[in-house]
Amino acid sequence: MLLRLCAVGGLVLLIGACAHRSGTGATPVVQGEAPSQTFDAAAQHEIERVDSKQLMTKAVPVRLDNPYGDVRVRFGGYEGSLEWHTVTQNMGSANKIAVTATGDQVFEISARLPAGTTLATGQRVDLTAYIPDGHDVEIVTERGLIEARGLKGNLKIRSTSGDIALRGIGGRLDLETGAGNIEAQLEPAVAGSQQRIATSTGNIQLGIGEDLNATLKLASSGVFATEFSVEIQGQADQEPNKRGVVAIGKPAATIEIYSKRGEIRLLRRWEFRPA
C-alpha cells in the first residue's frame, strides 16, 4: 500500500455506598569569557507539527498506538482518505519520538522512542486522526486522553490509566481503562451486539436516549446513579459488591458497564424538538 506523507435532567436515583521557536536558540557569550558550553534552550520547547494523508483500502481497520500523549479521532468523511496530524515536543532530547504508519491488513500509526530509551521530562506527542467511513478503529494509550467523535465503525480502546470521552459513535463499543474515567453519549446500539464499557477504579457517566434498545448490565462497589429504572442484586463479600440491570427500549443488544469501585451514572438524553 502506497503511503503518502505530506509535511505541512431528571430525578436521580442513588444506590450504594498541553511555542513557537524564536531567535537563534544559541546562548549569548560574554566578551572575554571562554564559554564552557553552548546550550540550545529554545529547543526544549520547540514544537514539531506534521500533517499526513493516506488513501485507504476499503474496510481496512485503523490502529492508533501512542503511549506518549493524547489521541483524538474524528469522522473524516466518505472519500476514503485517512488524515492524521502529530504535535511533538521533544524537550531538547537527542532521543526523538518517531511516528510511523504502515500496514495492509491493518493500517497502524504508532509512536515510538529509540529502543532502550525513555521519555525526557515533558517529552510527548499528541495525535489527531480523521477516520473515513467504513473503517473500524482501535486505540492504545498509556496515560493520555482518548477522545472520539462521530465515527461510523466499531471502536476498541485499551488504556493503562487514561480518561476516555466519546460522542456519536455508530458502531460497537469495546472500551477499557485502568484508573481512568469514562464519559460517553451513547447512540442506538447495534442490533445483536455485545458491548463493553469498563474501568478498574474510575467513574463512568453515560448519556442515553430512549432509543438505545439495549439491556445494560452494571457492576460496581460504588454508587449507581440512574434516571432509569434499575434492578439491583447485592453480592456479599465480593468485588464489585452489587450488580444492576437496566432495560432501555427493545432488548436488541447487551452492554456491560463495569467499575470495580467507581460511580456509574446513567443520565437521560432527551430528544431534540424544535420550538
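The values are calculated or read from the model by the stated rules, or taken from the named source; none is laboratory data. The shown structure was predicted, so the numbers you read here are calculated from the model rather than taken from an experiment.
For the reader, a short list of remarks on this structure follows.
- Single unsatisfied condition, residue 14 versus (1) assigned to a strand (DSSP E or B); (2) modelled with pLDDT of 95 or more: (2)
Each row is one residue, and each column tells you yes or no for (1) within 27 Å of residue 265 (Cα to Cα); (2) under 18 Å from the mean Cα position of the chain (by Cα); (3) not in a strand (DSSP E or B).
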| position | (1), (2), (3) |
| --- | --- |
| 118 | no, no, yes |
| 135 | no, yes, yes |
| 184 | yes, yes, no |
| 188 | yes, no, yes |
| 192 | yes, no, yes |
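- Identification of strands (runs of 3 or more DSSP E) wholly contained in region 202-275 with 1 or more residues that are of a type in the set (Phe, Trp, Tyr) yields 224-226, 254-259.
- Here residue 196 meets each of (1) assigned to a loop (DSSP other than H, G, I, E, B); (2) modelled with pLDDT of 95 or more; (3) within 28 Å of residue 143 (Cα to Cα) with one exception, condition (1).
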